[in-house]
1. As an exercise, use a Förster radius of 60 Å and the Cβ-Cβ distance of residue B:13 and residue A:253 to find the FRET efficiency, rounded to the nearest 0.05.
2. For region A:59-145, how big is Rg over Rh, using alpha carbon atoms and the Kirkwood form of Rh?
3. For B:114, A:254, what's the fewest-to-most ordering of other Cβ within 10 Å of each Cβ?
4. Hey, can you rank B:28-37, B:232-241 by average C-beta count inside 10 Å, highest first?
5. What is the Cα convex hull volume of chain B when expressed per residue in Å³?
6. Mind checking the full-extension length gain between residue A:210 and residue A:44? Use 0.36 nm per residue of separation minus the Cα-Cα distance, one decimal, nm.
7. Could you tell me which of rounded, prolate or oblate describes region A:1-118, using a ≥ b ≥ c as the square roots of the eigenvalues of the alpha-carbon gyration tensor, with rounded for a/c under 1.5 and, failing that, prolate when a/b is larger than b/c and oblate otherwise?
8. Which distance in nm do the two modelled labels at residue A:314 and residue A:130 give, with both placed 7 Å along the Cα-to-Cβ direction?
């Protein structure tokens with residue numbers, strides 16, 4: 001809980017800074033838009049928790065029809081289970097005895113599913129599940145081009161799928177894939193061409209495995225930047241879209257993601273050292289930097305330098321009246337890593353009045 | 001508290017990842033070295049809390065002779081006061097009614113000192129202190145070249161110093177300055193030349209103010225990268241060095257800071273997708289990126305790509321045996337922002353055995 005909690009209906013000026021703001025009406029419109037887009041499609045939504053790490057948002061997504069939640073880490077799955085979510089995909093490898101023991105503890109409480117890309121890891125998961133008397137759902141991760149985790153499409157994936165299917169305690173469910181390398185490709189037509197090409201690798205692998213007699217219930221992948229492309233590919237079952245719910249400046253910049261900015265960081269001008277310069281209290285510890293500078297939500301001001309605890313704004317004509325003490329909003333370039341810096345979101349209503357604090361239960365759950 | 005807490009004397013293999021490791025013997029040697037370096041000098045140490053945000057470390061620094069602690073934010077000062085620290089410099093402007101009210105609450109509990117660079121802010125602090133029946137110590141921030149907050153050296157600083165000195169409830173104590181723009185200048189000789197030049201601006205401003213009849217008790221500034229230069233300048237009273245205690249890869253790279261790496265991030269190899277590639281479970285959410293890639297603490301491996309939850313290692317000959325499940329250590333490029341991502345440090349003894357968890361009380365205290 002922050003040192004200063006605003007009263008209900010307080011305006012922005014009564015929120016202490018830095019603060020993560022969440023406009024609930026925009027969030028709800030984003031969730032409804034994505035749900036509506038796939039309502040009559042065969043594909044299902046399993047939104048990614050890593051993007052906002054907030055249980056309130058996950059519950060709104062489930063209420064809008066999502067079949068479950070995707071997350072990146074065991075610790076996030078723990079937060080989801082503590083919050084009552086039961087159908088969870090941890091879209092990564094769970095490696096090593098400590099983590100596998102934690103996974104088994106979670107499996108007792110919820111129907112957690114994990115990704116694998118290595119036969120030794122499969123053997124370890126199988127041994128642990130068998131010893132615990134549990135059955136664990138497993139997706140084989142296929143690398144369709146990102147060059148991170150995953151086996152190659154085709155035969156290597158089939159081989160590992162057979163290994164999983166033949167392992168006691170494990171239930172082969174299908175494929176995990178993510179065309180993360182394409183999410184920000186511009187122009188959109190190029191992104192489209194490459195995503196269709198890479199998704200075919202996943203779909204062909206699916207067919208190969210099915211032809212070998214192994215049922216494939218789930219091929220899961222796809223991000224906000226490719227949902228209008230990969231989400232329509234036949235043979236893709238689940239979308240792991242995350243950023244769409246709150247949106248960020250990077251996805252707005254690259255296009256193909258028509259959602260509203262529901263998330264921002266409230267900053268205070270703490271100094272006006274020169275005519276064209278303002279210093280705000282939001283720097284590297286309070287907003288993401290890896291995708292570039294945040295957008296400033298007032299005319300005539302640009303965020304032009306990150307410091308650890310400060311940001312430098314360069315001011316044009318329209319912003320010369322900015323004073324020390326003024327509050328301004330910054331749209332983070334990357335929402336996922338920004339949310340990971342905050343314990344709570346300050347939720348705003350349609351009139352930009354403070355409603356309540358939402359905890360960010362997954363913050364820092366990197367283990 | 002992490003989901004898995006190692007037993008006392010557990011080896012690294014029994015620590016879950018990502019984990020922030022702190023080698024206590026190296027930390028203590030670093031603290032002793034810095035304290036010893038200025039033991040017989042007129043300059044005093046007021047180490048910066050922003051670098052590690054850990055009360056255990058602050059207490060070791062105070063035990064080694066530091067006169068107090070510097071911090072960046074009110075929230076950090078709250079954490080320090082809760083931990084029993086009484087002499088605290090918040091080396092930034094405290095702007096706006098919410099923060100000034102919080103500052104007065106803190107002033108009731110400890111002798112907090114703040115920086116100012118604006119007459120309106122001085123008037124607001126004076127009004128609040130007077131209304132609360134308190135006296136607040138104030139430093140005038142002078143910008144000696146960083147181009148962030150602060151008034152210009154010379155007359156502008158004198159003018160503001162007079163304003164502070166004439167304001168009821170405020171006690172003019174001296175100057176805050178920080179040559180942050182020079183901390184990583186290479187070669188060291190160039191850093192030295194420029195730091196001596198910029199520090200003279202602070203010292204000359206001090207003389208100007210003293211000549212005008214205002215006593216200057218404290219000129220505070222200086223970082224780890226310039227402590228061997230600026231720390232020896234006559235007229236500089238307090239050093240705000242922070243990173244030296246735990247050290248990071250950036251300060252090692254630029255030289256001039258002969259301290260040991262006491263801080264690292266423990267990672268697990270989660271995938272070996274190709275011969276020369278390993279994927280670890282430490283990405284942008286678990287280690288700083290703004291000063292470049294972390295150093296890998298094994299031969300033949302380089303961290304070559306950040307992902308949100310993963311890192312890509314490129315492996316040479318010497319590291320080809322690395323397997324999924326292996327644990328490796330990464331030295332963060334920037335310690336300050338890395339510590340801000342963790343709730344606890346895993347403290348190790350001289351044999352790299354786990355000793356205990358130290359909370360990072362200042363984590364996320366950006367307000």
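Every number in this text was worked out from the coordinates using simple rules, so none of it is lab data. Keep in mind it's a predicted model, so treat the numbers as computed, not measured. Backbone-built Cβ (ideal geometry, glycine too); neighbour counts: all protein chains shown.
1. That gives a FRET efficiency of 0.90.
2. Here the Rg-to-Rh quotient is 0.97.
3. With the fewest neighbours first, B:114, A:254 line up as A:254, B:114.
4. Ranked from most to least packed, the peptides come out as B:232-241, B:28-37.
5. Working: hull volume 49.2 nm³, N = 367.
Spelled out: Cα convex hull of chain B, divided by residues, is 134 Å³.
6. Working: separation 166, 0.36 × 166 = 59.76 nm, distance 2.00 nm.
That pair, residue A:210 and residue A:44, stretches by 57.8 nm at full extension.
7. oblate
8. Simple spin-label model gives 6.4 nm for this pair.
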